[in-house]
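Trainee: Dropping a structure here in structure tokens format, bear with me for questions.
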Amino acid sequence: VSTVKKYKHQWNLIDAVGLLINDGIPIELHLVGGGDSQALNLMLDAIRRNKSDTNFVFYHGSLSHEQTLEWYHKADIFVFPSTCETFGISLLEAMTDGLPIASSERGPMPEVLKDAGLYFNPESVTSIKNCLRYMIENPDLMQSLGSKAKKYSEDYSWKKCADETFAFLSSVYEKNKT
């Protein structure tokens, strides 16, 4: 679940999953989110490049929030290959759903996910593939990571965010009033 942008690297994820399919691991990849035409073309090229006897990549485009939440509930693993985020709302949504998460090692994902996920280099297809393989082959780890991610997600709320933002703005105002 993420917009398709150049820094999101969905095509590397598609190539990594294609390698797992070639290794005999039965896996499907469902991609949700719209994007810009240049990045969508890169993603569609990766889908074509990885065509096999079985379809394993399914692109659903932009969906309503309710439909997107349904995909979180259906998923077994959430993968987040972005190299640049300000926070990563979809990462937090996956954490809230208790999904085991394989994520980019780039900030701020490790700051948000902490030790509740496995990390990979999002610009390396091999790194993504190896991370996913390890996760898939260790179901007890997946269970543990999902539980821990759900617990960490409870530290976030819109009320807490608003309260902390207003407290910060108030302290800046107090320091600078004349």
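The values are calculated or read from the model by the stated rules, or taken from the named source; none is laboratory data. Nothing here was measured: the structure is a model prediction, and the numbers come from that model. No Cβ is skipped: glycine too gets one built from the backbone with ideal geometry, and neighbour counts run over all protein chains shown. Ligands, DNA and RNA are excluded from the accessible area calculation, which covers all protein heavy atoms including side chains. Shrake-Rupley method; radii C 1.70, N 1.55, O 1.52, S 1.80 Å.
Trainee: Amide H of GLY98 versus every other amide H placed in the peptide plane: which residues, excluding those fewer than 5 positions away on the same chain, fall under 5 Å?
Mentor: Amide H to amide H, under 5 Å and 5 or more residues apart or across chains, GLY98 pairs with LYS150.
Trainee: What is the distance in Å between the Cα centres of the range 154-178 and the range 47-89?
Mentor: That distance is 34 Å.
Trainee: How big is the charge dipole of the range 5-94 about its Cα centre, in debye rounded to the nearest 20, if each Lys and Arg gets +1 on its Cβ and each Asp and Glu gets -1 on its Cβ?
Mentor: 300
Trainee: Now for a different question. Please report, in cubic angstrom per residue, the volume enclosed by the convex hull of the alpha-carbon atoms of the chain.
Mentor: It comes to 132 Å³ per residue, whole-number rounded.
Trainee: For LYS114 paired with SER171, estimate the spin-label separation in nm (one decimal), with each label point 7 Å from Cα along the Cα-to-Cβ line.
Mentor: Modelled inter-label distance: 2.1 nm.
Trainee: Could you tell me how many degrees, from 0 to 90 and to the nearest 10, lie between the Cα long axis of helix 65-74 and the main elongation axis, the longest principal axis, of the Cα atoms of the chain?
Mentor: 60
Trainee: Diagonalise the Cα gyration tensor of the range 31-74 and give the resulting equivalent ellipsoid semi-axes, square root of 5 times each eigenvalue, largest first, whole Å.
Mentor: 21, 16, 5
Trainee: Pick from PHE58, PHE166, PHE120 the residue whose mean-square fluctuation is largest in a GNM of the chain, springs joining Cα atoms under 10 Å.
Mentor: Looking only at PHE58, PHE166, PHE120, the largest GNM fluctuation is found for PHE166.
Trainee: Shifting gears a bit: Quick one: how many Å² of SER64 are accessible to a 1.4 Å probe, rounded to 10?
Mentor: 50
Trainee: Here's a follow-up. For the chain, what is the relative contact order in percent, using Cα pairs closer than 8 Å and at least 6 residues apart in sequence?
Mentor: The value is 21 percent.
Trainee: Averaging over all projection directions, find the projected area of the Cα convex hull of the range 74-177 and quote it in nm² with one decimal place.
Mentor: 7.5
Trainee: How big is the convex hull of the Cα atoms of the range 123-178, per residue, in Å³?
Mentor: Convex hull of Cα atoms, per residue: 121 Å³.
Trainee: LEU118: accessible area at probe 1.4 Å, nearest 10 Å²?
Mentor: Accessible surface of LEU118 is approximately 40 Å².
Trainee: Checking the table LYS5/LYS151; LYS74/LYS151; LYS114/LYS160; LYS8/LYS129 against a 25 Å threshold on Cα-Cα, which pairs fail?
Mentor: Pairs exceeding 25 Å: LYS5/LYS151.
Trainee: Once neighbouring chains are kept in place and the probe is 1.4 Å, which whole percent of the accessible area of the chain is contributed by carbon and sulfur?
Mentor: Here carbon and sulfur together make up 54 percent of the probe-accessible area.
Trainee: Continuing with the same structure: At 1.4 Å probe radius, can you tell me the per residue accessible area of the range 71-119 in Å²?
Mentor: Values: 1930 Å² over 49 residues.
Each residue of the range 71-119 exposes 39 Å² on average to a 1.4 Å probe.
Trainee: Along each of the three principal axes of the Cα atoms of the range 76-124, give the extent in whole Å, ordering the values from largest to smallest.
Mentor: Answer, in whole Å and largest first: 26, 20, 16 Å.
Trainee: What angle, in degrees between 0 and 90 and rounded to the nearest 10, separates the Cα long axis of helix 125-136 from the longest principal axis of the Cα atoms of the chain?
Mentor: Between the helix axis and the principal axis of the chain, the angle is about 90 degrees.
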